[in-house]
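Remarks on the structure that follows.
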Amino acid sequence: MLKYLLKRFLVMIPTLLVISALVFIIIQLPPGDYLESHIAELESQGESIDPQKIEFLRHEYGLDKPLWEQYLVWITGFVQGDLGYSFEYNLPVAEVIGDKMWLTIIVSFFTILVTWLIAFPIGMYSATHPYSWSDYSLTLVGFLGLATPNFLLALVMLYLANRYFGTSIGGLIDPEFMDQDWSWAKLKSVLEHLWIPVLVIGTSGTAGMIRRLRANLMDELRKPYVVTGRSKGLGETRLLIKYPLRLSMNFFIADIGSLLPSIISGAEVVAVVLSLPTTGPILLAALQSQDMYLAGSFLMFLAALTVVGVLISDILLAMIDPRIRLQGGAQR
Amino acid sequence: MFQNFLPYLLLIASCAVSPAFAQLKPVPFLADQVANGSLQPMQERLPYSPAKPSFFDKEVGQYGGKIRMLMAKAKDIRLMVAFGYSRLVGYDEQLQLKADILKQVDIEEGRIFTLHLRPGLRWSDGAPFTAEDFRFYWEDMATNETLSPFGPSKDLLSQKEKPVFEVIDEYTVRYSWASPNPYFLPALAGPRPLFIYMPAHYMKQFHADYQSAEKLTLLTEEAHKRNWRGLFVSKGRQYKLTNPDLPSLQPWINTTRPPAERFIFKRNPYFHRVDPNGQQLPYIDEIEINLASTGLIPAKAGSGDVDLQARYLRLDNYTFLKEGEENGNYKVNLWETGRGAQIALYPNMNAKDPQWRQLMQDVRFRRAISMAVDRNEINQVVYFGLAKDMANTVLPSCPLFKSEYATAWSDFNVEAANQLLDEIGLTKRDARGIRLLPDGKPMEILVQTAGESTEETDVLSLVEDSWKRIGVQMYVKPTQREVLRNRVFSGEAIMSAWYGLPNGVPVASMSPWQMAPTKQDQYQWPQWGRYYETGKGKPSTMPEVQELVTLNNAWGMASSVEEQAQIWNRMLEIHADQVFSIGLVSGVLQPIVVNKNLMNIPENAFYNWDPGAYFGIHNMTGFFYKDAE
């Protein structure tokens, strides 16, 4: 086990390096650089900027250096914990992202919770009562959530919440609470806004989860050990939870790999539509304006979380399911 | 509405004497600070002779309240410099230059400018505003090799010459050039003004000449900067407002350190303007700027989440906004906009393809495609008939406007357009009825747009229909702004859609740079503009374009405003005749959402960047709440 862990850790380093190079190349792929998109934006508003000053800034930001050199500067800084500098905000990347992280985590945490709370009971029920009317109608609900475009649902719910509950449009908090310390009123304001994104993002995730849980569980339920258990007089609920459910959870644990980054990134599109103060919209804006260090560092962060998440799920899987072997191909 | 003024004989005098009223009501917002002694009473905070902006047509207001606005990005807060519009000299609503922060400017021969400061005027932290602040800017910043490796800003040069700067006394400075500099005062009055002063008492701590090396290194590290230049620049951004500690002369001072979702601007207790009763302005205590995504801003405005909003609202939001007036406690004003055209087509005369380049440079072709646009239809279909169907030229409210500029080659006339194209020799057509180019390819024009709104594509699809009737096939290709620019610059884009003249309401004493190839950003002649800007590449060989360049240069040397007006008229004439850009629709109105209780905001006015500074020119410091708490 230890040897396996060590190996996995070592493999992570080249993986992240390759990812970092890819991220950097992809961000640089669109023509131009941050300064050009900055000029274009100023110009569209009627402002202009001295071309000499742009040359100066390009030199100052190091944008006149060859790509590989820019990459090296960035990646060596990254290793030392310096995430680079955001041109757009004129601040170090860490400071830009810093504050937003908490709200993002709150939104994502509740979203995941809601997804599970909806998907688990429905999945289990569907699997134990397959092909019944109730199965069909419950899965239909799940599919509706999946099929409705998130941004549209978000807008409709915003409108309804504003119309019938007087919730202020967009954001996670009423503006008057923004600089205040945490209080009951502030918490209430957050909860008042939170349910929309949570429900919108949550509904889209439930359908997939319901289907996978249902399929896996149904597979297990047909296996001989379940029949044996039942014939030996094990209660239905106990029987279900103790063995088949546990085994059908593999997919769920394997999901942790993608769960970690999604906690940080949230659902970008919904966050943009709802103008949530989370990290998603920052990433999107950074990509649009080619604020490369901000976008790059953020994507790297997500990549690192994915890699770590996959590692965690691998370890958990090995612990929970003895059928899974660590050495993989070496056994043959 | 607009009047010319004589820049060379300009004597800008302050109109106010020190308020004789002994009983000035204190500002309630600052009452506590005055009571506990941390702030002086109002008279001592004001300069000896405060600025007294005109309150013609306006009411004397009362203190208090907060204006809520929405912006899409944190860096949009820089617009508060435009809105506050505190300038050394600034335009008034009649577009005349008036002293504001300065007491007076004396001009000799159009080249020697003596600036008289207001004695007793203070920065927002209470430090006096003196000639030292100008000296510091000029000697330690604009001509400092480390801070300005390229020398002072272009606006401070006349015929590429630097001015001679002199400090006459504590409250007087002088800039003198060898030749006239008509660009100087307008640059100071711009929406993004040329700051020729710096809070020296504050900025010296970040300057290598004034700060010890150890302390400077420490400060640089604290701010995560590479060198002291980075530190100095980041601390001293008078336009971007990212440093809440930076003393300012603006009416409201940013108190929020970025990054943030919400920025609070608080009143400057030392602001230099007073109302007709001698009460210190601004009336409004706070400006609150919240960030929201662009798409949500109209919705939020419609639910009453703002007190004053124009940015990110468009004419097509008008009906929605109007519907929410009752519940949202606001009203919607429609203001005129100041661009020469809302959307214009730019035939790229520097196109790479030689065949197209030749065609684009042929005036007959430009006239033909302009006449084949049904502007009235566009106006009726897309803009509820509220816009104006005219060419891309100055707007009717501009004193230089003549109706022939607006109508030249802009009447819908398919027959005449067809005739012109036949005359060029484009007589062959394919089976679809599309004309063939000399090399046999069909005449298909790909119009590239920045693709930011459906408005452009709606308008262009109408043009596409009418162009078919002269045998020209148009395709529209929305791209990203940066990509569009690069394609235009490289000549890959043969035609692009963009907005019209940046300033549609100029007066003769404003530089006519926008009429001549002076910038690469002019999409009909990017290469010629680049030549002017950087000296690289080749100038135009077209006589009409050369004349524009000559005229633009002559304007800078003109000795009277009549001469300048003549130059303007000639340039407008050339543009009208030559159709260098094809205006599709003009005078589109801007919806302004205003809290019902917010007073002194004109019902009808114009909303424009330069000149105008959006709300700036309408003196936002005089806005007030009728029922302020």
Exercise for review: Anything losing 10 Å² or more of accessible area from the isolated chain to the full protein assembly: pick those residues out of the stretch B:452-482, probe 1.4 Å, ligands and DNA/RNA ignored.
Suggested key: B:Q480, B:R481, B:E482
Check your understanding: Under a 1.4 Å probe, what is the accessible area of the stretch B:277-436 per residue, stated in Å²?
Key -> 38
Study note, to complete from the structure: Quick calc: nm separation of the 7 Å Cα→Cβ label points for A:L316 and A:L113 -> 1.7
Revision key, fill the gap. With R₀ set to 35 angstrom, the calculated FRET efficiency between the beta-carbons of A:E236 and A:M1, to the nearest 0.05, is 0.45
Exercise for review: Please give the calculated 222 nm ellipticity per residue for the protein assembly as shown, where each DSSP H segment of at least 4 residues contributes -39500 (n - 2.57) and the sum is spread over every residue; nearest 500 deg cm²/dmol?
Suggested key: -13000 deg cm²/dmol
Exercise for review: Would you mind calculating the gained length between A:T148 and A:Q28 on full extension (0.36 nm times residue separation, minus the Cα-Cα distance), in nm to one decimal?
Suggested key: 39.8 nm
Review point. Rounded to a whole number of µm²/s, how large is the Stokes-Einstein D of chain B at 20 °C and 1.002 mPa s, given Rh as the Kirkwood radius over C-alpha pairs?
Key: 81
Check your understanding: Between the stretch B:551-621 and the stretch B:404-482, how many Å separate their Cα centres?
Key -> 29
Review point. Which cross-chain or sequence-distant (5 or more) residues have an amide H under 5 Å from the amide H of B:R118, H modelled 1.01 Å from N in plane?
Key: B:K103
Revision key, fill the gap. Taking Cα atoms, the helix B:543-557 axis meets the longest principal axis of chain B at an angle in degrees (rounded to 10) of 20
Practice item. Enumerate the aspartates and glutamates that B:K441 could reach by cross-link, defined here as Cα to Cα under 15 Å, with residues fewer than 8 away along the same chain left out. Key: B:D353, B:D430
Practice item. For B:D169 and B:S212, compute 0.36 nm times the residue count separating them, minus their Cα-Cα distance, and round to one decimal in nm. Key: 12.6 nm
Study note, to complete from the structure: For A:L91, the residues 5 or more places away or on another chain with a placed amide H closer than 5 Å to its own amide H are A:S86
Practice item. Towards the positive end of the charge dipole of the stretch B:93-142, with charges on Cβ (+1 Lys, Arg; -1 Asp, Glu), say which of B:L102, B:I112, B:M141 has the farthest Cα. Key: B:L102
Revision key, fill the gap. Using alpha-carbon positions, the gyration tensor of the stretch A:86-137 gives root eigenvalues a ≥ b ≥ c; with a/c under 1.5 called rounded, otherwise prolate if a/b exceeds b/c, else oblate, the class is prolate
Review point. From the Cα gyration tensor of the stretch A:55-156, with a ≥ b ≥ c the square roots of its eigenvalues, which class applies: rounded if a/c is under 1.5, or else prolate if a/b is larger than b/c, or else oblate?
Key: prolate
**Study point:** Per-residue HN-Hα couplings for the stretch B:264-281 [Karplus 6.51, -1.76, 1.60; θ = phi - 60°; Hz; x = Gly/Pro]
**Key:** 10, 9, 10, 4, 7, x, 10, 4, 8, 9, 10, 8, x, 8, x, 7, 5, 8
Check your understanding: So, how do all the Cα-to-Cα distances of the stretch B:296-455 break down into 10 Å bins, in percent, from 0 on up?
Key -> 9, 28, 28, 19, 11, 5, 0
Check your understanding: Helix B:481-490 versus the longest principal axis of chain B: what is the Cα-based angle in degrees, 0 to 90, to the nearest 10?
Key -> 60
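Rounded to the nearest 0.05, what FRET efficiency do B:K352 and B:I424 have when you use their Cβ-Cβ distance and R0 = 22 Å?
0.60
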Check your understanding: Expressed in nm to one decimal, what extension gain is obtained for the pair A:R246 and A:Q288 from 0.36 nm per residue of sequence separation less their Cα-Cα distance?
Key -> 10.7 nm
Check your understanding: Which Cα, out of B:V81, B:L218, B:M443, lies furthest along the positive dipole direction of chain B (beta carbon charges, K/R +1, D/E -1)?
Key -> B:L218
**Study point:** Projected label distance in nm at A:D219 and A:I54, using a 7 Å step from Cα toward the beta-carbon
**Key:** 5.7
Review point. When the dipole is taken about the Cα centre of the protein assembly as shown, and only Lys, Arg (+1) and Asp, Glu (-1) are charged at their Cβ, what size is it in debye, to the nearest 20?
Key: 3320
**Study point:** Ordering of B:548-558, B:491-501 by packing [mean C-beta count within 10 Å, highest first]
**Key:** B:491-501, B:548-558
Study note, to complete from the structure: Computed over the protein assembly as shown, the Cα gyration tensor eigenvalues, each multiplied by 5 and square-rooted, give semi-axes in Å (largest first) of 53, 38, 29
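Tell me, what is the FRET efficiency for B:D92 and B:E404 to the nearest 0.05, using R0 = 30 angstrom and their Cβ-Cβ distance as r?
Efficiency computed from Cβ-Cβ geometry: 0.50.
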Practice item. Kindly sort B:L218, A:L83, B:L484, A:L317 by accessible area of their heavy atoms, largest first, with the probe set to 1.4 Å. Key: B:L218, A:L83, A:L317, B:L484
Review point. Based on DSSP H assignment, which helices of chain A show an axial Cα extent of at least 24 Å together with a mean Kyte-Doolittle hydropathy greater than or equal to -1.0?
Key: A:2-28, A:100-128, A:184-221, A:292-320
**Study point:** lysines with Cα under 28 Å of A:K186, excluding same-chain neighbours fewer than 8 positions away
**Key:** A:K100, B:K66, B:K73, B:K75, B:K266, B:K300
**Study point:** Percent accessible area from carbon and sulfur atoms, chain A, protein chains only, probe 1.4 Å
**Key:** 70
Review point. For chains A and B, what's the summed buried accessible area, probe 1.4 Å, to the nearest 100 square angstrom?
Key: 4000
Exercise for review: Using DSSP, restrict attention to beta bridges with both residues in chain B and report what percent are antiparallel, rounded to the nearest 5.
Suggested key: 75
Practice item. State the answer as a single residue: which of B:Q309, B:A292, B:Q361 lies farthest towards the positive end of the charge dipole of the stretch B:270-413, with beta carbon charges of +1 for Lys and Arg and -1 for Asp and Glu, about the Cα centre. Key: B:Q361
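The values are calculated or read from the model by the stated rules, or taken from the named source; none is laboratory data. As the structure is a prediction and not an experimental result, all values here were calculated from the model. Methodologically, a virtual Cβ is constructed for each residue, glycine included, from the backbone with ideal geometry; neighbour enumeration extends over all protein chains shown. Note: accessible area is taken over every heavy atom of the protein model, side chains too, but ligands, DNA and RNA are not part of it. Shrake-Rupley method; radii C 1.70, N 1.55, O 1.52, S 1.80 Å.
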